[in-house]
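Visitor: If you scroll down you'll find the structure; I have some questions about it.
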Amino acid sequence: MAVGVRKNTIVVLMHYLALQSELNLGKLSSRMHANAIRQWLYIGESSTWRVQAETAISAEFPRISIADRLHETSWELRQPYIDWIGELSQLNDSLEWWASELAAKNPYYNLFIRICLLGVAGQLIAAGFKRSTLIVCSSQALYREVLCFAMDCGTPARNLLSSSVFRGLSGVGRLGNRYLRDAYRRMPSLADRLLVRLPLGQLSERIQRSLDSRPSYRRQVLADMGVKSNADFSGDDAILLFTWVDGRNFDSDGSYRDPHLGQLAELLRERGFRVAYVPRVLFTIAYDAAVNGLLKTDERFFFPECYVEDSEWQTCLKRARQFAPVIPEDSSMGDVPVYRLAKEQVNEYRYTLAQSLSYETLIANMVSRGVQPRQIIHPCEGHSWEQALAYAVRRYSPDTRVVGYNAGMFSRMLLSVYPARCEYKLRPLPDCIVTSGPLERKILLAEGMPPEIVETGCDLRRTYLWEESFHVDDVSQQVNVEPIRILVATAIGFGDSVELASKAVRAFGDDTRYEVFIKCHPMVDAKQVANQLGELAQQDNVRFVEQPVGELIPSVDLLLYRYTSTCFEAMQHGVVPIFIRSESFLNIDQLEVAPDVRWVATTPGDLRRIAAEIMRMSTQERRRWRNKASDVVRAALAPVGPESVDAFLL
């Protein structure tokens, strides 16, 4: 969309796929208004799309940066948003509600960021622009609300709907994805069964991934491998661990390891407990390969797909389609209306709701077959499936206790971790939440979490940081030695990864004083990130690397990060972290609780200036920083000790 004062033009454009293929901004605006469009603004959460568009649009039409304004708005709206969800929880208390993404508040499901973006758009429209501006929105609801803002302010505005593609941009957008997904669900059952048996090598990667995630296909894989539903796992000595599975779960010799719960199983077995896993296979590994690998280990697994039949899955889908939460039409946060955005999110994530609802069927069927352990322990981030799990356990196995392991969620922008105060008697939380150290417990209690359900635990995932062979004082720092080595550690979001890598390469690429190493999160395809960067990724001093972070950090000088706990590992090694603020998404900074041990940059120019400033630090300044950083790491990631497992036992 474009916003302007009275003499300027507002053009509102809503993209589902991308911008128009033949879009010439000057010609377009001359057809629609006497004033030519001179700048553009993106009101959307897709960093990937924005980076693509910036590459495709001529430099004479600059994009207006909203990074700082978006950051400020997100903090202003954070508590009102949490409280509003709490009000909806009181109106909608039910399993369907708690299994929904609306109730969970997961920031990666886009409702809160869109509310913040709408707030920013309203501020800019009210203030006016000196030049006619094209504003591009990422969803139908955003498009409608921003257009209404412009009309209410009396700003001259035109609207433009587009569903074609910018030349040079790739990928299927939101509307296309929704169409393909709905068409796939409507596939006749006979064709579905036939497709299940097609060799995956004959299908495109996108279809392979879609097929691989279908419950019916997964059940067929398990049947072909002779896997049956286990039973008779109950008693005071039985503990069931819910975990995620991808390539990280297998050592080079094929043995099992857990990147989420670390050595917890070993610690429990040392206390005499029997331990088994419920593995949820992620999309980054083929389902059949994951199952085959798991079956070759010495662990016992309860594959969830064995406990949910096709008819039961269809029932979950039906319940999800019928979900219609009560949302007052006048819902707003100050001047920001949220009703349309909330309804849009409910419709976008009905399939995810069905997946969360299936946890009720899973638990009910496991209990009916004799699976009633003393405890269930799972990674805890406040997601919708966790709430459905706790709800189902309390209904079908009330003697089983649920423990959530919060492995370091330190940013208060991880909204799913923080219930509204009015929800504590309603929301199906774990019976106990174990933190990775005292710092997270302090944060949770400050946000209102009842102290009786929060226990200080230890960091199960990075035990090497506290081994005797690792000494911070022995880590050498090469001050003012070129080339300066920079590690870019991306987050779990693909758009986040593209934006972070793009800013790093624009700041340091093709500068021989620096070497840039880009390490993508295991859930992010590095090749796709490189493809998005295009020629930027071809710089001689830029490399995508695959080694584990623990092997990379000791040899670098600076860390560029977004939502990742790698910043703690970096500080323990004496590597200075720089948080990169986003142009279009929430700033989920794990070190926001300790702002004096990290730096913050928004633009490539900021990055260059801050990197030079850090490398000019004196030996004394660096020593003071390292002492502070070491204290923060120890508070955040407590070492594993002889009594560490006690926090997990109820």
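Visitor: Quick check: is even one residue across segment 78-85 more than 20 Å from the chain's Cα centre (by Cα) and crowded, with 20+ Cβ neighbours inside 10 Å?
Guide: Yes, segment 78-85 contains a residue that is more than 20 Å from the chain's Cα centre (by Cα) and crowded, with 20+ Cβ neighbours inside 10 Å.
Visitor: Residue by residue through segment 404-427, note down the ones that are more than 22 Å from the chain's Cα centre (by Cα) and either surrounded by fewer than 19 Cβ atoms within 10 Å (Cβ to Cβ) or aliphatic (A, V, I, L, M) (or both).
Guide: The answer is Arg421, Cys422, Tyr424, Lys425, Leu426.
Visitor: If the Cβ limit is 6 Å and pairs must be 6+ apart or interchain, which residue in segment 297-326 that is of a type in the set (Val, Ile, Thr) pairs with which residue that is buried (at least 16 other Cβ atoms within 10 Å of the Cβ)?
Guide: Sorted first by the residue in segment 297-326, then by its partner, the pairs are Thr297/Tyr256; Val308/Ser358; Val308/Thr361; Val308/Leu362; Val326/Asn92.
Visitor: To continue, here is another question. Of the residues that make up segment 334-348, is at least one surrounded by fewer than 15 Cβ atoms within 10 Å (Cβ to Cβ) and farther than 30 Å from Arg218 by Cβ?
Guide: First pass over segment 334-348, keeping only residues surrounded by fewer than 15 Cβ atoms within 10 Å (Cβ to Cβ): 334-335, 347.
If we keep only those that are farther than 30 Å from Arg218 by Cβ as well, we get 334-335.
Looking for residues that are surrounded by fewer than 15 Cβ atoms within 10 Å (Cβ to Cβ) and farther than 30 Å from Arg218 by Cβ, one finds at least one in segment 334-348, hence yes.
Visitor: In segment 563-607, what residues are surrounded by 17 or more Cβ atoms within 10 Å (Cβ to Cβ), among the charged types (D, E, K, R) and over 24 Å from the mean Cα position of the chain (by Cα)?
Guide: Result: Asp606, single match.
Visitor: Which fully enclosed strands (runs of 3 or more DSSP E) of segment 501-578 have 1 or more residues being touching a Pro at 6+ places or on another chain (Cβ under 7 Å)?
Guide: Here the list reads 514-519, 558-561.
Visitor: Scan segment 534-548 and tell me whether some residue there is more than 18 Å from Ala504 (Cα to Cα) and either modelled with pLDDT under 90 or outside the structural domain of Ala594 (by TED's automatic domain parsing) (or both).
Guide: yes
Visitor: A follow-up question, please. Is it the case that Leu591 is modelled with pLDDT of 95 or more and not in a helix (DSSP H, G or I)?
Guide: Yes.
Visitor: So, Glu452, is that one buried (at least 20 other Cβ atoms within 10 Å of the Cβ), out of contact with any Lys or Arg (no Cβ under 8 Å at 6 or more places or on another chain) and not assigned by TED's automatic domain parsing to the domain that holds Asp589 or not?
Guide: no
Visitor: Do you know which residues across segment 383-438 are assigned to a loop (DSSP other than H, G, I, E, B), of a type outside the set (D, E, K, R) and under 20 Å from Ser368 (Cβ atoms)? I'd like the intermediate steps shown before the answer.
Guide: Step one: list which residues in segment 383-438 are assigned to a loop (DSSP other than H, G, I, E, B), which gives 383, 397-400, 407-414, 418-420, 424-431, 436-437.
Those still in the list that are of a type outside the set (D, E, K, R) too: 383, 397-398, 400, 407-411, 413-414, 418-420, 424, 426, 428-430, 436-437.
Of everything in segment 383-438, those that are assigned to a loop (DSSP other than H, G, I, E, B), of a type outside the set (D, E, K, R) and under 20 Å from Ser368 (Cβ atoms) turn out to be Ser397, Pro398, Thr400.
Visitor: I'd like the full set of residues that are of a type outside the set (D, E, K, R) and touching a residue at least 60 places away in the same chain (Cβ under 8 Å), limited to segment 432-451.
Guide: Result: Cys432, Val434, Ser436, Gly437, Pro438, Leu439, Ile443.
Visitor: Please go through (1) among the aromatic types (Phe, Trp, Tyr); (2) without any contact (Cβ under 8 Å) to a residue 40 or more places away in the chain; (3) farther than 28 Å from Ile85 by Cα for Tyr464 and return the number of the only condition it doesn't satisfy.
Guide: Answer for Tyr464: the failing condition is (2).
Visitor: So Trp75 clears everything in (1) assigned to a helix (DSSP H, G or I); (2) farther than 17 Å from Tyr418 by Cβ except one condition, right? Which one?
Guide: Result: Trp75 fails condition (2) only.
Visitor: For the condition surrounded by fewer than 16 Cβ atoms within 10 Å (Cβ to Cβ), at pLDDT 80 or above and not small (Gly, Ala, Ser), what is the one hit in Leu91, Leu117, Leu111, Leu41?
Guide: After ruling out the rest, the residue left standing is Leu91.
The values are calculated or read from the model by the stated rules, or taken from the named source; none is laboratory data. Given the structure is predicted, the values throughout are model-derived calculations rather than measurements. So basically every Cβ, Gly included, is an ideal-geometry build from the backbone, and we count neighbours across all protein chains shown.
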